[in-house]
Amino acid sequence: MTTPPYPPYPPGPPGWEPGKQPSSTGQVVGLAFAGIGLFIAANLAVTFVVLLLSIDGSTGWLIVGAAGLALFAFGGGISLVLLRRPWAKGLGLGLMIGWALMTVVTAGFCTGVNPALYS
């Protein structure tokens, strides 16, 4: 057997095997935190606008705001997760985690799920 005229390929990173995809866990986790931040920013903006629009006591804008935030978080989050790309999966999970986090931290006030808001 003759040796090729070029040097052999260098070894890959630790744990790497030819034909095996590298792990994308770090990318998913990082973008999940970015998705949480994105939802919090959108939530603060929508909450501010809804509170300004419903200053006269009407609950119509609260319902629209709550539905819009839920649609943004879960509709956008699920559609991003279904893309099955690491960046999309992380961002979609982050949006949904952000909605749940804001709901728990603000007792549903900022996401519009607190029943006391509608009475």
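At a glance:
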{"quantity": "Residue selected from region 73-82 under the condition more than 17 Å from V29 (Cβ to Cβ) and among the aliphatic types (A, V, I, L, M), by the criterion nearest to the chain's Cα centre (by Cα)", "calculated": "A73"}
{"quantity": "Some residue of region 50-66 being under 12 Å from the mean Cα position of the chain (by Cα) and at pLDDT 85 or above", "calculated": "no"}
{"quantity": "Those residues of region 51-73 which are of a type outside the set (G, A, S), exposed (fewer than 15 other Cβ atoms within 10 Å of the Cβ) and in a helix (DSSP H, G or I), in sequence order", "calculated": "L51, L52, L53, L71"}
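Listed here are the residues, each with its yes/no results for (1) in contact (Cβ under 8 Å) with a residue 12 or more places away in the chain; (2) surrounded by fewer than 17 Cβ atoms within 10 Å (Cβ to Cβ); (3) in a helix (DSSP H, G or I).
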{"position": "V49", "(1), (2), (3)": "yes, yes, yes"}
{"position": "G75", "(1), (2), (3)": "no, yes, yes"}
{"position": "G90", "(1), (2), (3)": "yes, no, yes"}
{"position": "A100", "(1), (2), (3)": "no, yes, yes"}
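The values are calculated or read from the model by the stated rules, or taken from the named source; none is laboratory data. In this text the structure is predicted, and so the values were computed from the model without any measurement. Here Cβ is always computed from backbone atoms with ideal geometry, including for glycine, and neighbour counts include all displayed protein chains.
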